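Note sheet for the following structure.
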Amino acid sequence: MARPPDIVLESGIVEVRTTFGSRQEAVSCAERLVAGWLAACVQIDGPVLSTYRWQAAVETAEEWRCTCKTTPGRRAACVEAIATGHPYETPQVTVATIDATAAYAAWVRESVEAS
């Protein structure tokens, strides 16, 4: 049996997450970010059930989660584009630096820095 190739991990890919109240809002955001060279890809999953405190009340809502892959150089613009076009008064926007395979990290960089 052939030995699988060594997997090389690279740090420095940025994952930005947010949620929307509808699938269409999530899709619109994803299309805007990818078309604008701010994210290499946006994965949408849902519906997810979110329970949170808002204006002194416990709320539960169905939401659609967007997970955006970008680079450190595009992070601020990606976050700004999400916040600017978001229908929520206080949208969830979280950012984490993640490790990825070298090939995937290169693809993310090429996908957002080619503009």
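Each reported figure results from applying straightforward, stated rules to the coordinates on display, with no laboratory input. Just so it is clear, the model here is predicted, and its values are computed rather than measured. All Cβ positions, glycine included, derive from the backbone under ideal geometry; neighbour counts span all protein chains shown.
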When the residues of region 7-30 are filtered to those that are charged (D, E, K, R) and within 12 Å of the chain's Cα centre (by Cα), which remaining residue is farthest from Glu63 (Cα to Cα)? Glu15
Has region 80-98 got any residue that is within 22 Å of Leu9 (Cβ to Cβ) and in contact with a Gly (Cβ under 8 Å, 6 or more places away or on another chain)? yes
If you go through region 60-70 one residue at a time, do you hit one that is over 21 Å from Glu110 (Cα atoms), surrounded by 13 or more Cβ atoms within 10 Å (Cβ to Cβ), out of contact with any Cys (no Cβ under 9 Å at 6 or more places or on another chain) and touching a residue at least 60 places away in the same chain (Cβ under 8 Å)? no
Out of (1) within 15 Å of Arg32 (Cβ to Cβ); (2) touching an Asp or Glu at 6+ places or on another chain (Cβ under 9 Å), the odd one out for Ala77 is which? (2)
Out of Ala76, Ala56, I need the residue that is at positive phi and free of Cβ contacts under 8 Å to residues at least 40 places away in the same chain. Which one? Ala56
Top-ranked residue in region 4-59 [being surrounded by 10 or more Cβ atoms within 10 Å (Cβ to Cβ) and among the acidic types (Asp, Glu); ranked as farthest from Arg75 (Cα to Cα)]: Glu59
